[in-house]
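Here's the structure, in structure tokens; my notes come after.
FYI, it's all coordinate maths here, none of it is from the lab. Since this is a predicted model, take the numbers as computed values, not measurements. A quick note on method: Cβ atoms are made from the backbone with ideal geometry, for glycine too, and the neighbour counts reach across all protein chains shown.
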Amino acid sequence: MRALNANLENVSRRGFLKGLLATGGLVVAAEFVPARGALAAYATGAAKMTGGVVSDPHVFIAIDPSGLVTIVAHRAEMGTGSRTSLPMAVADELEADWSRVKVVQSPGDEQKYGNQNTDGSRSMRHFIQPMRQCGAAMRQMLETAAAQRWNVNVAEVQAQNHEIIHKPSGRKLGYGDLAAAAGALPTPPADQIKLKDEAQFRYLGKGNVQIVDLFDITTGRAVYGIDIELPGLKYAVIARPPVMGGKLASYDAAAAMKVPGVEKIVVIEGTPPPSKFQPVGGVAVVARNTWAALKGRDALIVHWDDGPHASYDSAAYRAQLEETSRKPGKVVRNEGDADKALSEAAKTITAEYYIPHLPHATMEPPSATARVANGKCEAWAATQSPGTTRTELADKLGLKPEDVTVNVTLLGGGFGRKSKPDYVLEAALLSRETGGAPVKVVWTREDDLHNDYLHTVSAERIEAGLDAQGRVVAWRHRSVAPTIRATFVPDPKFEQPGEISQGLIDVPFAIANLRCEVGEAEAHTRIGWFRSVSNIPHAFAVQSFVAELARAAQRDPKDMLIELLGPARKVQPPAEYTNYGDPLETYPIDRARLRRVVELAADKAEWGKKLPPRHGQGIAVHRCFLSYVATVVEVAVDEKGGLSVPRVDTAIDCGFAANPERIYSQIEGAAVMGLSLAKYGEISFKNGRVEQNNFDGFQVARIDESPPITHVWVVPNSIDVPSSGVGEPGLPPFAPALCNAIFAATGRRIRRLPIGDQLAT
Amino acid sequence: MVKLRVNGQEQSFDGDPSMPLLWYLRDELGLTGTKYGCGAALCGACTVHIDGEAARACITAVSDVGGRSVITIEGLDPQGNHPVQKAWRALNVPQCGYCQAGQIMQAAALLASNKNPSEDEINSAMSGNICRCGCYQRITAAIKAAATGA
């Protein structure tokens, strides 16, 4: 099944949760110690993550006597397809018939399953190898069991389409017939596991497998965090402090308690900043249904002590960030002498960019259900981090992790918000205060926008010097933004290594005099990971600025970009560079690959073609979560400033493309989210409070304004080229490509996001 | 006491008549396919059919549907094989899937009144339904496919 208008580009031609596993009939799921340290053809950072890597088929695969293969998905599903793609990798190596595969979601248990923290575009990148090994090991165990049954040499047998065949005699045994015997075998040592050749893949790289939840999603049966129904369930909503660090001063619940259906008012103690994953506190209304809880909350009278962040004002804060960016900051990369080269340049160009706070606004707001009774906690949650959620619940409740069960539902969007389990902790605290009844906490859209862990806000200032020939000889980039670390430690002041490694100090340009600096910025709200994180502001500034340089040098923007990328070498980043936690040897910063996606996107978009008046093309490229993405956006801007996007071409090089169909969907979606953030995306503060309440004040792109088609061009790579991120990398290049296109169409340069009414005439 | 039909079944409700249909369906009847997204008719996640027309369950009080027929995603087709559902699957529309019930109900209502909508008509009918994952181009394609039986 192929997606529309998406292609694997041949460059050479042209360049539930109701009791899991180990239930009746599943004979393989015995107690075995997980085999860690799986053999890998290439090294990744997976082993350094909490729980590391587990690839033991005794943990991930169960086969029942009918031959039904059950595969555990241990990563959360928020729309990227990992719940399908990782089991698909197991099934492929297992030589299983996908129609006879059932996928079950694991609970949070990183000791057993390995790391489950589903963010950082890591699922395929860290687990394609272990999951292939897992499937291959099981295949070999089935082959061994068959050889033993037939009393033949194992070399004479072969797994093929859910059967083991004895090649000399043609005898066959189904997987179900061999399940018990195979399951009793030890897992082969890592160095004896034989992976398939690429030519033998059934599913990997093919895009022929549909997501496992497709039928349930289209029929309303799919279960998200907000959908949990349990006997005796109570429903809760919480009035939370509107200002970060704010505390409850007083409240009057008399009217709330009179609302029919309201059963209890519970004060949740907040944790002062940095509050990490802890609830911000507030007054909870527990009721017999959601509506009663909402009405009860409306009837509450609550007074807050706002605390030191009550004066947070986005307009004033922006001015402060920009002021900081105009002064020397802390140097985080320094090559040559940028100051001297700037002072001696024939021409200098300076531009300042501003990118505001962004909310995740997942279609399903944070939601979780928990039951805390008899020294145990069971939670059901839409969470990206089941393992962390389990340990946080255990810590909060004073329980042992083994007495905490975190069941993972589908996530109605994640984008980083659901990596933070504050809402699950809320549900658990409320269950404990309600005598152990199961309690579901629902966040309204207003709650979501008012108490999110927002994407940072940043001022980016870049200065460049051109020589007499228009070549860039100097580059100085100052980035000023409050850091995510502020959510975890007091007063960290500067962007951290992981943030400056997202498009600031890894800027791939071949410029002799290059300096990157960061400035101090204090956080006044909870800052958190948002899809592609600091790549958003850094790429917006850098890739907008390249087009500005092209303009100054009277060059074509794409030519300028190619020239800046320079010779096809690998970039040597400074020591602070973190490379998304993965080794540079496996995932280098490869200018040739950057250049290839630029050329591919430009070629497919017919870069430079003649366009109607008030149309324009813009281009941008960015390496993000170890993948390379270039986007060409075509816009039309009408006389009144109305913006439309008739066409988008995006090229992605993500190493081996394990599930092309889901890569297309992620990139198509990134264009829509990119358009949303460029056009409307902003959370602003006044008197410490968020000014937007719902999808009226905070707009997102709708179907009638979104690109009718995003053409996705995937650079083909063999299985030997390490798979890299897909969920996040599509987003950062979109906004600069869009704004570069707007400039081409209108001569107006957008340096402040969102675009809002800046194009209105 | 409010009496109504939900997916062909008679129901009666003696709770708060101002309760939005959304929470009645979800919390009282356990029909969780209809989703909460905004509570203010801004996102379309809660779209159901009331007497055959698309409506936002989050701003419709139970008392407003007395004597009327409500169809939810669970009742759109007994086997889940409404042409729109089939087209949705054929074109792999969903990502996270959360908004999809609302999208499908909106699309099914559109096709019930307009057998062969133009792109502009699709945009107009679907612009009240937000998809944060950005499945829009496939939604358009799926509606066209469902219309033509492709």
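Laid out as a table, the results:
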item	result
Order by protection proxy (mean Cβ within 10 Å, highest first), peptides A:368-374, A:588-594	A:368-374, A:588-594
Inter-chain shielding of A:294-300 (mean C-beta neighbours from other protein chains, 10 Å cut-off)	1
Whole-Å distance, taken between Cα centres, linking the stretch A:191-224 and the stretch A:365-401	29
Pairwise label distance in nanometres, residue A:347 with residue A:167, each label 7 Å out on the Cα-Cβ vector	6.8
3J(HN,Hα) from dihedral phi, the stretch B:54-70, Karplus parametrisation 6.51/-1.76/1.60, rounded to Hz, x for glycine, proline	5, 8, 8, 5, 6, 10, 9, 6, 3, 4, 6, 10, x, x, 10, 10, 10
Farthest positive-ward along the protein assembly as shown dipole, Cα basis, beta-carbon charges - from A:709, B:9, A:497	A:709
Length released on extending from residue A:330 to residue A:758, taking residue separation times 0.36 nm less the Cα-Cα span	150.8 nm
Nearest-0.05 FRET efficiency for residue A:572 and residue A:111, computed from C-beta distance (R0 25 Å)	0.10
Most to least packed among A:290-299, A:416-425, A:460-469 [average Cβ atoms within 10 Å]	A:416-425, A:290-299, A:460-469
Residue order, fewest to most surrounding Cβ atoms within 10 angstrom, among A:609, A:102	A:609, A:102
Projected label distance in nm at residue A:255 and residue B:120, using a 7 Å step from Cα toward the beta-carbon	4.9
Theoretical gain in end-to-end length, residue A:395 to residue A:585 [0.36 nm per residue, Cα-Cα removed]	64.6 nm
Dipole of the stretch A:101-180, positive end: most advanced residue of A:144, A:127, A:116 [Cβ charges, Cα centre]	A:144
Cα-Cα separations in the stretch B:2-75 greater than 21 Å, expressed as whole percent	11
Amide H contacts of residue A:693 (H built 1.01 Å from N, under 5 Å, at least 5 apart or other chain)	A:698
Efficiency of FRET from Cβ geometry, residue A:639 and residue B:40, R₀ 25 Å, rounded to 0.05	0.15
Cα-based shape type of the protein assembly as shown, given that a ≥ b ≥ c are square roots of the gyration tensor eigenvalues and the cut on a/c is 1.5	rounded
Given charges at Cβ of Lys, Arg, Asp, Glu: chain B dipole, positive-most of B:142, B:65, B:79	B:142
Long-range Cα-Cα pairs in the stretch A:348-497 (distance over 23 Å), rounded percent	52
Distance between the stretch A:600-677 and the stretch A:513-559 - C-alpha centres, whole angstrom	18
At R0 = 60 Å, FRET efficiency that the Cβ-Cβ distance of residue A:686 and residue B:90 yields, to 0.05	0.80
Test item: A:361-373 mean partner chain Cβ contacts at 10 Å	3
Relative packing of peptides A:249-257, A:83-91, A:206-214 - highest average C-beta neighbours within 10 Å first	A:83-91, A:206-214, A:249-257
Label-point separation, residue A:510 to residue A:184 (7 Å along Cα→Cβ), nm	6.5
22 Å Cα-Cα reach of residue A:347 towards lysines, excluding residues that sit fewer than 8 places from it in its own chain	A:327, A:558
Fraction of the pair-distance distribution of the stretch A:186-225 above 15 Å, Cα-Cα pairs, percent	65
Charge sum, other residues only, whose C-beta stays under 10 Å from residue A:606's C-beta, Lys/Arg counted +1 and Asp/Glu -1	+1
Charged-residue dipole, Cβ positions (Lys, Arg, Asp, Glu), the stretch A:18-219 about Cα centre, Debye nearest 20	160
Residue mean of other protein chain beta carbons inside 10 Å, A:224-231	3
Sum of side-chain charges, residue A:687 neighbourhood, beta-carbon under 12 Å (Lys, Arg +1; Asp, Glu -1)	-1
